[in-house]
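Reviewing the structure listed below.
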Amino acid sequence: MLVVLAAIGIPAAVLTVTCAGRSCDASGGEAVRVPFCPLPDAVKEGVVNGFREGRSPDVLAVADGTPVVTDVDGARTPWPAVAAATDPRVPIVFAGAGVTSGASVPDGTTLDRVAPTVSEALGFERAFPEVRSGTPVPGVADGERPRLVVLVGWKGVGSSELESSPNGWPFLSSLLDDGAGTLEGAAGSLPLDPAATLTTIGTGGLPSQHGITGSFIRNGQGRVVQAYAPDAPVQIIATLADDLDHANASTLVGLVAPDERDRGIVGGRWYPGEDPVDAIIGDSATAPLSVEVHLTTGYGADDVPDVLGVVLDGRIRSMDRRTREIVAEAERATSDSTLVVVAGTGSSETDRSAVPDRELVDAVEDAVPGDAPAVAATVAGGLFLDQAILRDEQVTGQVAVDALLSAPGPSGERMLADAFQGFAVSFARYC
């Protein structure tokens with residue numbers, strides 16, 4: 001059997017991962033560890049949807065009973081987990097012009113369906129739908145074409161945060177009542193890194209398709225760079241705003257966000273010669289004023305639809321109040337011809353007992369010979385390794401995998417349910 005499989009090009013590593021033939025039997029009779037495949041199906045699907053070969057971390061991991069967190073500029077993003085399962089539920093709400101009040105948004109609707117639903121409300125047919133996983137939510141679009149689309153991302157918010165603060169979001173609740181939405185939406189991928197999920201909202205594709213898999217990615221030169229930095233690659237597929245701008249040069253595209261890594265909600269730079277996005281990067285407290293500045297420059301002033309992406313962070317009550325102010329100003333400026341979408345990017349880690357990823361980084365650094373740092377960067381769910389250091393020390397990423405699997409939790413328990421090199425995810429179809 002193994003000879004036949006090898007003859008048709010199945011890599012030897014995959015034969016071990018899939019336990020083809022007797023490839024999981026060690027010479028001494030003990031079982032060989034099979035990476036990735038034994039994880040729960042929901043976790044596997046989420047990690048596969050969040051992985052892109054060449055851009056994602058070199059080594060990935062899934063937490064067990066001890067939560068693990070990556071802190072990026074104060075945003076605590078949880079690692080995918082099994083025993084302490086990451087709650088992937090997110091709120092998704094459509095309201096305003098172009099939306100059928102009371103339309104059903106089914107439980108489990110994923111963030112990649114936001115852009116196709118908005119596109120249908122605009123009566124805009126995007127090219128190459130096969131490159132995007134998302135499809136329109138039936139019945140949401142009512143045939144009225146709005147002049148302005150306001151995409152609002154609540155950063156670090158999932159449905160569990162809303163449930164923990166039931167009185168903290170009265171305006172979002174009113175949008176749910178008057179429009180169409182659900183608190184039982186789903187991010188569609190793991191980890192819940194806002195850079196990834198905001199780009200899912202903007203493109204209508206999953207991170208495995210758009211390639212912005214986290215706050216840091218690997219570029220074409222092999223360097224690990226911040227997502228949407230000048231030397232970072234753009235998303236692999238266009239955003240809805242990119243396509244609208246390409247189809248009509250009069251379309252205005254703007255962004256108000258606290259971080260450059262939030263650009264995926266509207267994109268930019270995808271088409272050669274595309275007009276730059278009118279971006280205002282700053283504190284969420286000033287977001288309503290920044291939106292007002294955009295609106296004075298002509299957003300929503302004519303029948304050519306414009307797009308304004310707004311990303312908010314902070315406390316839920318504050319985000320809800322700022323969203324209310326933004327929507328009120330947009331509707332005033334457009335004579336109520338504004339389609340509003342509010343979506344959470346996924347839960348942040350609020351458990352203060354969560355272990356910082358620094359402990360895992362230290363375990364890997366201790367395992368790799370030499371004094372030079374072997375870990376180039378961390379994101380939720382994985383580590384980027386400095387390949388030059390590994391070559392110099394004549395070791396592979398398996399050294400990092402072994403170190404991660406050996407890392408103890410606070411009480412001496414095994415911290416991770418699994419750790420594996422990226423190729424294990426690439427070959428997930430063989431599980």
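The Kirkwood hydrodynamic radius of the stretch 99-253, based on inverse pair distances between different Cα atoms, is 16.7 Å. Dividing the convex hull volume of the alpha carbon atoms of the stretch 278-431 by its residue count gives 199 Å³ per residue.
Dipole of the stretch 35-112 computed with +1 at Lys/Arg Cβ and -1 at Asp/Glu Cβ about the Cα centre; of VAL72, GLY98, GLY108, farthest Cα towards the positive end is GLY98. Against the empirical 2.2 N^0.38 Å (N residues), the chain has a Cα radius of gyration ratio of 1.01. Counting only protein heavy atoms and a 1.4 Å probe, the chain has 40 square angstrom of accessible area per residue. Annotation: ILE326 carries an accessible surface of approximately 0 Å², with a 1.4 Å probe and no ligand, DNA or RNA atoms counted. Remark: accessible surface ordering of ASP64, ASP41, ASP418 (largest first) is ASP41, ASP64, ASP418, probe radius 1.4 Å. Per-residue SASA remark: GLU120, around 90 Å² accessible (1.4 Å probe; ligands, DNA and RNA not included). Sequence-ordered 3J(HN,Hα) estimates for the stretch 180-186 from the Karplus curve with 6.51, -1.76 and 1.60 and θ = phi - 60° stand at 9, x, 8, 9, 10, x, 9 Hz, glycine and proline given as x.
Note on SER104 and GLU163: the model spin-label points, each 7 Å out from Cα along the C-beta direction, lie 2.2 nm apart.
Take GLU144: with every protein chain present and a 1.4 Å probe, its accessible area is about 90 Å².
For the chain, averaging the sequence separation of C-alpha pairs within contact (under 8 Å, six or more residues apart) and dividing by the residue count gives a relative contact order of 26 percent. Rounded to the nearest 500, the helix-only mean residue ellipticity at 222 nm of the chain stands at -8000 deg cm²/dmol, with each DSSP H run of n ≥ 4 adding -39,500 (n - 2.57). Of the solvent-accessible surface of the chain, computed with a 1.4 Å probe and all protein chains present, 51% belongs to carbon and sulfur.
The values are calculated or read from the model by the stated rules, or taken from the named source; none is laboratory data. None of these values were measured; they are calculated from a predicted model. Note: ideal-geometry Cβ built from the backbone for every residue, glycine included; neighbour counts use all protein chains shown. Quick note on the areas: whole protein, heavy atoms, side chains included, nothing else; ligands and nucleic acids left out. Shrake-Rupley method; radii C 1.70, N 1.55, O 1.52, S 1.80 Å.
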